[in-house]
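Read-outs throughout are calculated quantities, based only on the coordinates presented, and are distinct from any laboratory measurement. Model, not experiment: these values are computed from the prediction. Counting neighbours? That spans all protein chains shown, and the Cβs are built from the backbone with ideal geometry, glycine included.
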Amino acid sequence: MFFLSDKLKTKTLNTVTKEKFMSQKEWIEVGLIEDIPSLGARVVETSNGNVGVFRTAEDEVFALRDSCPHKGGPLSQGIVHGKRVTCPLHNWVLELDSGAVIAPDEGCVASYPVKIENGKVFLNLQAN
């Protein structure tokens, strides 16, 4: 289900095409919760860009557009702490539940609904 990207050195969840998304209505299965490391992330490749799927220490799962609003850094490669992620490029901090940037910085990235059923992670690509 996963493959290792030589370029990014991160694991990537299933690639989601528009056709697959449309055939599955709103929710698409992207992997198992155990495949996402605690305090880590995985990437779902979509035809509209990458989505980072993040797991907290409390096993909560969130999804954000995988691009920091500051300089486009890959949020999935950042540090997850509490319900936030810190961008690996310039240390901007974003809320995992909303995609909002923490002051004094400003900005926001798209957040996506996620649900867990029987250990499986489902993603809805309709942004919140």
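Annotations for the structure displayed:
- Candidate cross-link partners of Lys120 among the aspartates and glutamates, defined by an alpha-carbon separation under 18 Å and a same-chain spacing of 8 or more, comprise Glu26, Glu29, Glu34, Asp35, Glu45, Glu58, Asp59, Glu60.
- Net charge of neighbours whose Cβ lies under 13 Å from the Cβ of Cys108, counting Lys and Arg as +1 and Asp and Glu as -1: -3
- Derived scalar couplings between HN and Hα for the stretch 110-122 equal 5, 10, 10, x, 9, 9, 10, 9, 6, x, 9, 9, 10 Hz in order, rounded to whole Hz, by the Karplus curve 6.51 cos²θ - 1.76 cosθ + 1.60 (θ = phi - 60°), x for Gly and Pro.
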